[in-house]
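Okay, so here's the structure we're looking at.
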Amino acid sequence: MNFDSLNEFFAMGGHGLYVWLAYGAGGLVFLYNLAAPKLKRGSLVKRLSQQYRREKASQ
């Protein structure tokens, strides 16, 4: 790495804001891709259990 100090590393040669925002946006997309299926699964299980109870009660 060609940075003499930690401050220069974070500044990224004057492009630090763009670089760190890009990393942040990528991290958010990554976290969303991890969390979304788990959240969808939870709502699907809840909906299916409600449907099952309704069908069982109507029999």
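The values are calculated or read from the model by the stated rules, or taken from the named source; none is laboratory data. Bear in mind that the values here come from a model prediction, so they are computed numbers and not experimental data. Using ideal geometry, Cβ is built from the backbone for each residue, glycine included, and neighbour counts are taken over all protein chains shown. Just the protein is used for accessible areas: all its heavy atoms, side chains included, with ligands, DNA and RNA removed. Shrake-Rupley method; radii C 1.70, N 1.55, O 1.52, S 1.80 Å.
Assessment of region 11-25 against the conditions (within 13 Å of the chain's Cα centre (by Cα) and open to solvent by less than 100 Å² (accessible area, probe 1.4 Å)) yields at least one matching residue.
Count, please, the residues in region 1-10 that happen to be out of contact with any helix residue (DSSP H, G or I) (no Cβ under 8 Å at 6 or more places or on another chain) and surrounded by fewer than 10 Cβ atoms within 10 Å (Cβ to Cβ).
Within region 1-10, the subset out of contact with any helix residue (DSSP H, G or I) (no Cβ under 8 Å at 6 or more places or on another chain) is 2, 4-9.
Narrowing further to those that are surrounded by fewer than 10 Cβ atoms within 10 Å (Cβ to Cβ): 2, 4-7.
Within region 1-10, residues that are out of contact with any helix residue (DSSP H, G or I) (no Cβ under 8 Å at 6 or more places or on another chain) and surrounded by fewer than 10 Cβ atoms within 10 Å (Cβ to Cβ) number 5.
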